[in-house]
Each structure stands twice: as C-alpha cells, then as structure tokens.
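**Q** Below are the structure tokens for one structure; questions will follow.
The values are calculated or read from the model by the stated rules, or taken from the named source; none is laboratory data. This one's a predicted model, so the numbers in the text were calculated from it and none came from an experiment. Reconstructed Cβ throughout: ideal geometry from the backbone, glycine too, with neighbour counts over all protein chains shown. When the accessible area is computed, the model is the full protein with side chains, heavy atoms only, and any ligands, DNA or RNA have been set aside. Shrake-Rupley method; radii C 1.70, N 1.55, O 1.52, S 1.80 Å.
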Amino acid sequence: MTSTPMPAPTPSTPVTPPSQAPTDAGFQTGPLVDPAQAKVPGGTMIAIDAISKWYGDFQVLTNCTTKVSKGEVVVVCGPSGSGKSTLIKCVNALEPFQKGQITVADTKVMDKATNLPKLRSRVGMVFQHFELFPHLSITENLTIAQRKVLGRPKEDAQKRGLDLLARVGLSAHANKYPGQLSGGQQQRVAIARALAMNPIVMLFDEPTSALDPEMVGEVLDVMVELARDGMTMMVVTHEMGFARKVADRVIFMDRGEIVEDAKKEDFFGQPRSERAQQFLSKILQH
C-alpha cells in the first residue's frame, strides 16, 4: 500500500527569498520636520522648574531645573540610575511628579485643566524598545494615532505616514509587520510614527541602547537629520559621538540631580564637576 505524502505546511507569513528581499532604499530628500512647525513661536519650548519626584520614600529626582529653547537639541547623560529617563518622562506626564512644574509651549503639564492626550499628541516620544503594535502592519502603525487622536482622514494619514517612511528609507517595508524588521528598522519606524503627529518637540529615551552596534548608526542618522531640520529635541543617550556632533547643550545627571547644564564645548572640554570628569574619563577612553 502506497502512502500519500502529506503536503508541506504553509507558513503563516510569506517569506521572501533573500535574493528578492527588499532592501532599504536610502533616505528620500526633503525635510523630516513638517514646515508648518516653523510657524510655532520661538522662545522656550520646555521649562522644567524645580522638579522633585519620589517612589514611596525613595527620592529619584531632586530640584531639577532646566529649559529647552525652540530648535535646540539637549542631550541628557549620566550613569545608570541617575534619573535621566525619569526626568524626560515627566515632560509629557508619563511619570507624575510631586513638586515643581513643567511647561511645554506654555501648557502646564500637571495642571488639572491640561488635556494630557492633546499635549502628548504634540510631544513626540521614542522609547528604547520601539513600542510598535506587533499585530499591525507598518503602515497601520504609522496611521492609527493620526486617525484616532488627530482625527485625520484615512487617505491623509496614509500619505503623511508613507511620506515619512520614505524619508527614513523604509518604503519597501510598508506592508510588513514589526517582527519582520530589524531592530534598527523598527526604531526608524517609531521615529516616523512620532513625526506623523506633527509634534512641536521630540523626546528620545535611550533610542539606541537596545540595538546591535551595527544598527545604531542608521537610527542616529535619522536623529541628525531631525536636528538639522530644526526639531526641538531632548535626548537621553550614552552616544557621546552624537552629543558632540548634534547637541547644543549637555545635561549631566547623577543621583537624581542635574550636576551640570552646559554648552557641549564646555562639557566635553572642561567639565566643572569631579563627577562629570570621572564619567567622561570612563566613557570616552574606549
């Protein structure tokens, strides 16, 4: 008796042969920042005034004060556990704080009258771990917030999203799902998704720390383009090369306090505090 061979299982997601796999097309020309954002009045975009925060009895931020002007790129650095990520998450109230005040474009973050969803739609945030919806295609990831939060028509949201996808060099991947992209590609999609909301400020919380070293450069390239286009940016990072190239100012934190807040030339050339000197001697010697 001859047995009939069982058919091969059909994969749930089609796999493109390596020889036919689409590659990154390279960055398209044109600004990453919406030209309409150039009309936003200048001056201080983020004002952080004497912020203190506790987790129970443990104080994680102590009397932190700084500001970020329109078009300025400010890098926040420091050792692990120094409060960098906590501080940046306070800017759009992802982390509440108990003392002080933060103002974003004249809107007080912790004011009871503040519409936080509306505020967050104006403050783009890029996280360490991408935070893309795994069950949605790249195009759907780029358009869902535009439609649900901003109320954009589907066609307009898709055009905005795909234009930005082209700008970060990923047009060929529009119909894929996040799990089919590399870490660097996913982070570039996350940046495009944030920009699709036409933010007035961009926050980056260690955007390259979860990436393989070979993928770091492609994400930093997008961030450099953003800075050149005039986007106001606050960036938590250990990438000191990026800070030297792009930052206007560097904030150094330790044990929940802002120890230094200086122009990048001063911070890298002659840091004032002994703690910052120790940090730089360790991080720049390799």
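**Q** Right, K118: out of contact with any Ser or Thr (no Cβ under 7 Å at 6 or more places or on another chain) and either in a loop (DSSP other than H, G, I, E, B) or crowded, with 19+ Cβ neighbours inside 10 Å (or both) or not?
**A** Working: out of contact with any Ser or Thr (no Cβ under 7 Å at 6 or more places or on another chain): yes; either in a loop (DSSP other than H, G, I, E, B) or crowded, with 19+ Cβ neighbours inside 10 Å (or both): no.
For K118, the condition - out of contact with any Ser or Thr (no Cβ under 7 Å at 6 or more places or on another chain) and either in a loop (DSSP other than H, G, I, E, B) or crowded, with 19+ Cβ neighbours inside 10 Å (or both) - is not met.
**Q** Consider the range 249-286. How many of its residues are of a type in the set (D, E, K, R) and free of Cβ contacts under 8 Å to residues at least 12 places away in the same chain? Walk me through how you get there before you give the answer.
**A** Going through the range 249-286, the residues of a type in the set (D, E, K, R) turn out to be 249, 254-255, 257, 260-261, 263-266, 272, 274-275, 282.
Then drop every residue that is not free of Cβ contacts under 8 Å to residues at least 12 places away in the same chain, which leaves 265-266, 274, 282.
Total satisfying the criteria: 4.
**Q** Mind listing whichever residues of the range 122-145 are more than 28 Å from L87 (Cβ to Cβ) and either in contact with a Lys or Arg (Cβ under 8 Å, 6 or more places away or on another chain) or not aliphatic (A, V, I, L, M) (or both)? Talk me through it step by step, then tell me what you get.
**A** Initially, the range 122-145 is screened for residues more than 28 Å from L87 (Cβ to Cβ), giving 134-140, 142-144.
If the condition is that a residue be more than 28 Å from L87 (Cβ to Cβ) and either in contact with a Lys or Arg (Cβ under 8 Å, 6 or more places away or on another chain) or not aliphatic (A, V, I, L, M) (or both), then P134, H135, S137, I138, T139, E140, L142, T143 are the ones that fit.
**Q** Being among the small types (G, A, S), at pLDDT below 95, surrounded by fewer than 16 Cβ atoms within 10 Å (Cβ to Cβ) and out of contact with any Leu (no Cβ under 9 Å at 6 or more places or on another chain) narrows it down to one residue among A50, A36; which is it?
**A** Working: A50 fails: at pLDDT below 95.
A36 is the lone residue from the list that is among the small types (G, A, S), at pLDDT below 95, surrounded by fewer than 16 Cβ atoms within 10 Å (Cβ to Cβ) and out of contact with any Leu (no Cβ under 9 Å at 6 or more places or on another chain).
**Q** Then there's this: Pairs only if they're at least six apart or on different chains, beta carbon under 6 angstrom, first in the range 181-210 and more than 13 Å from I138 (Cα to Cα), second surrounded by fewer than 20 Cβ atoms within 10 Å (Cβ to Cβ) and of a type in the set (F, W, Y); list them, first residue then second.
**A** Within 6 Å, the pairs are D205/F127.
**Q** Restricting to the range 214-248, name every residue that is β-branched (V, I, T) and either free of Cβ contacts under 8 Å to residues at least 12 places away in the same chain or under 13 Å from E72 (Cβ atoms) (or both). Lay out the reasoning, then the answer.
**A** Taking the range 214-248 and keeping what is β-branched (V, I, T), we get 216, 219, 222, 224, 232, 235-237, 246.
Of everything in the range 214-248, those that are β-branched (V, I, T) and either free of Cβ contacts under 8 Å to residues at least 12 places away in the same chain or under 13 Å from E72 (Cβ atoms) (or both) turn out to be T232, V235, V246.
**Q** Based on this model, can you work out whether Q270 counts as in contact with a Pro (Cβ under 7 Å, 6 or more places away or on another chain), among the polar types (S, T, N, Q) and surrounded by fewer than 17 Cβ atoms within 10 Å (Cβ to Cβ)? Spell out how you get there, then give the answer.
**A** Working: in contact with a Pro (Cβ under 7 Å, 6 or more places away or on another chain): no; among the polar types (S, T, N, Q): yes; surrounded by fewer than 17 Cβ atoms within 10 Å (Cβ to Cβ): yes.
Here the answer is no, as Q270 does not meet what is asked.
**Q** Run down P79, P96, P31, P18 and say which single residue is open to solvent by 10 Å² or more (accessible area, probe 1.4 Å) and at pLDDT below 55. Walk me through it before giving the result.
**A** Numbers: P79 fails: at pLDDT below 55; P96 fails: at pLDDT below 55; P31 fails: at pLDDT below 55.
Just a single option satisfies the conditions, and that option is P18.
**Q** Taking the range 170-199, which residues are of a type in the set (G, A, S), more than 17 Å from the chain's Cα centre (by Cα) and open to solvent by less than 20 Å² (accessible area, probe 1.4 Å)?
**A** Correct list: A174 only.
**Q** Something else: Quick check: is even one residue across the range 97-111 touching an Asp or Glu at 6+ places or on another chain (Cβ under 9 Å), closer than 28 Å to D57 by Cα and aliphatic (A, V, I, L, M)? It would help to see each step written out before you state the result.
**A** Residues of the range 97-111 that are touching an Asp or Glu at 6+ places or on another chain (Cβ under 9 Å), as a first pass: 100-103.
From what's left, closer than 28 Å to D57 by Cα: 100-103.
Narrowing further to those that are aliphatic (A, V, I, L, M): 102.
Among the residues of the range 97-111, at least one is touching an Asp or Glu at 6+ places or on another chain (Cβ under 9 Å), closer than 28 Å to D57 by Cα and aliphatic (A, V, I, L, M), which makes the answer yes.
**Q** Just give me the residues in the range 121-141 being open to solvent by less than 50 Å² (accessible area, probe 1.4 Å) and within 23 Å of L226 (Cβ to Cβ), in sequence order.
**A** As a first pass, look at the range 121-141 and keep what is open to solvent by less than 50 Å² (accessible area, probe 1.4 Å): 121, 123-126, 130, 132, 136-139, 141.
Listed by number, the residues that qualify are S121, V123, G124, M125, V126, F130, L132, I138, T139, N141.
**Q** All but one of (1) within 24 Å of T103 (Cα to Cα); (2) in contact with a helix residue (DSSP H, G or I) (Cβ under 8 Å, 6 or more places away or on another chain); (3) of a type outside the set (D, E) hold for T208, so report the exception by its number.
**A** (1)
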